[in-house]
Amino acid sequence: QVYQLLTDLKQQRKESGKNKQSSGQQNLNTIMYETLKYISKTPCRYQSPETVRDFLTTMKGHKLTK
């Protein structure tokens, strides 16, 4: 969900084309960039809500505990 949200925000910013940014906005952009860079290197990148839901449904029958 985080990966999808950040990629959507990144796309919206590209489409808006605003070039002038405050220092707070630049910091936010850096955090978004670093987070996307990290997540894109993990298996999380390929997960979707449907995949997670299917996994949880499948594992429910095994009666695992925390």
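The values are calculated or read from the model by the stated rules, or taken from the named source; none is laboratory data. No experiment lies behind these values; they were computed from the predicted model shown. Heads up, the Cβs are rebuilt from the backbone with ideal geometry, glycines too, and the neighbour counts pull from every protein chain shown. Calculation scope for accessible area: heavy atoms of the full protein, side chains included, ligands and nucleic acids excluded. Shrake-Rupley method; radii C 1.70, N 1.55, O 1.52, S 1.80 Å.
Within the range 31-46, work out how many residues are surrounded by 10 or more Cβ atoms within 10 Å (Cβ to Cβ) and modelled with pLDDT of 85 or more. Going through the range 31-46 one residue at a time, the tally reaches 10.
A search for C-beta distances below 9 Å between a residue of the range 35-60 that is under 20 Å from Asp8 (Cβ atoms) and in a helix (DSSP H, G or I) and any residue that is open to solvent by less than 60 Å² (accessible area, probe 1.4 Å) and among the β-branched types (Val, Ile, Thr), counting only pairs 6+ apart in sequence or on different chains, returns Leu36/Thr7; Arg45/Ile39.
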